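*Asks:* Below you will find the structure I want to go over with you.
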Amino acid sequence: KPIEAVGKEFDPQKHHAVMQGEDENFPAGVVIEEFQKGYLLKDRVIRPSMVKVNQ
């Protein structure tokens, strides 16, 4: 199943941070953009989401 990313707290087990940015609409440490969808299979990460994290 797809991993929820945008608007969620950054989780290094499920997300791979490829960029950092600044967005006043989100608190620090929250995913603000997703570049590649991540997937879980029975609660095991198959592929982490590639994301941009708010500073």
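Any read-out appearing in this document is the output of simple, stated calculations on the displayed coordinates, not a laboratory observation. The structure presented is a predicted model; accordingly, all values stated were derived computationally and were not measured. Because the Cβ atoms are built from the backbone with ideal geometry, glycine has one as well, and the counts that use them run over all protein chains shown.
*Asks:* Report the one residue of H15, N54, F26 whose Cα lies farthest in the direction of the positive end of the charge dipole of the chain (charges on C-beta: Lys and Arg +1, Asp and Glu -1; origin at the Cα centre).
*Replies:* Of the candidates, H15 comes out farthest on the positive side.
*Asks:* Quick one: dipole size for the chain, taken about the Cα centre, charges +1 on Lys/Arg Cβ and -1 on Asp/Glu Cβ, in debye to the nearest 20.
*Replies:* 480 debye
*Asks:* PRE reach from E22 (point 7 Å along Cα→Cβ): which of the range 34-55 fall under 12 Å by backbone N?
*Replies:* 55
*Asks:* Calculated from the structure, mean projected area of the Cα convex hull in nm² equals which of [x] 6.2; [y] 4.4; [z] 3.2?
*Replies:* Checked against the structure: label [z].
*Asks:* In the chain, what percentage of the DSSP-assigned beta bridges are antiparallel, given to the nearest 5?
*Replies:* 60 percent
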